[in-house]
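The values are calculated or read from the model by the stated rules, or taken from the named source; none is laboratory data. From a predicted model like this one, the values you see are computed outputs, not experimental measurements. When we count neighbours, we look across all protein chains shown, and the Cβ atoms used for this are built from the backbone with ideal geometry, even at glycine. To get the accessible areas, we keep the full protein, side chains included, count just its heavy atoms, and leave off ligands, DNA and RNA. Shrake-Rupley method; radii C 1.70, N 1.55, O 1.52, S 1.80 Å.
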Amino acid sequence: MNPVQLVRLYTLALCVWREARNQSALGMLLVAQTVENRVRDPRWPETYVGVITQPWQFSAFNKNDPNALLYPGEADTEWPSCVAVAEAVLAAPRPFTTANHYHTTGVTPAWKRDDKVVAREGAHIFYTL
């Protein structure tokens, strides 16, 4: 794996870990695919780092979010699953979902559109907008 591929993998896995480590494997997969779909969409930056760290897009990377300072430890039991999900999304010949937005069930963002829901899994609702 070359350095660019490693950065993609690590950044995507870290996003999954911060955003969905307490979710099911499918929930983690949907989060990772949402990032991938944004990377492929010209409305967002064309890199994983650019998409994930874009202000106010993924809350776990916002400066005021407690997750923004967290990283998996060596003994973290969720990290291997997050890496495996990131690898699966990066290697997939086609997307697992068309989602490009999601939020937790505890919030109601201004962009929410019930007619654009493509999946519900665990504490997240996924949309194609």
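Tell me which residues, restricted to the stretch 10-66, are polar (S, T, N, Q) and either part of a helix (DSSP H, G or I) or under 13 Å from Asn100 (Cα atoms) (or both). Passing the criteria: Thr11, Gln33, Thr34, Asn37, Gln57, Ser59.
Kindly provide the set of residues from the stretch 1-27 that are touching a strand residue (DSSP E or B) at 6+ places or on another chain (Cβ under 9 Å), more than 21 Å from Leu69 (Cβ to Cβ) and of a type in the set (A, V, I, L, M), ordered by number. Write out each step before concluding.
The initial filter retains those residues of the stretch 1-27 that are touching a strand residue (DSSP E or B) at 6+ places or on another chain (Cβ under 9 Å), namely 19-20, 23-24, 26-27.
Within this subset, residues satisfying the condition of being more than 21 Å from Leu69 (Cβ to Cβ) are 24, 26-27.
Scanning the stretch 1-27 gives a single hit, Leu26.
Of all residues in the stretch 75-129, which are of a type outside the set (Gly, Ala, Ser), part of a loop (DSSP other than H, G, I, E, B), open to solvent by 70 Å² or more (accessible area, probe 1.4 Å) and within 27 Å of Val7 (Cβ to Cβ)?
Selection gives Thr77, Pro93, Arg94, Phe96, Thr98.
Over 16 Å from Cys15 (Cβ atoms) and in contact (Cβ under 8 Å) with a residue 60 or more places away in the chain, is that true of Pro42? Criteria not met by Pro42. Listed by first and then second residue, the pairs linking a residue in the stretch 89-100 that is within 15 Å of Ala13 (Cα to Cα) to a residue that is in a helix (DSSP H, G or I) and small (Gly, Ala, Ser), with Cβ atoms under 6 Å apart and 6 or more places separating them unless they lie on different chains, are Val89/Ala32. None of Arg43, Arg38 is closer than 15 Å to Tyr127 by Cβ and surrounded by 15 or more Cβ atoms within 10 Å (Cβ to Cβ) except Arg38. Note on the stretch 46-67: residues that are without any contact (Cβ under 8 Å) to a residue 12 or more places away in the chain and open to solvent by less than 40 Å² (accessible area, probe 1.4 Å) total 3.
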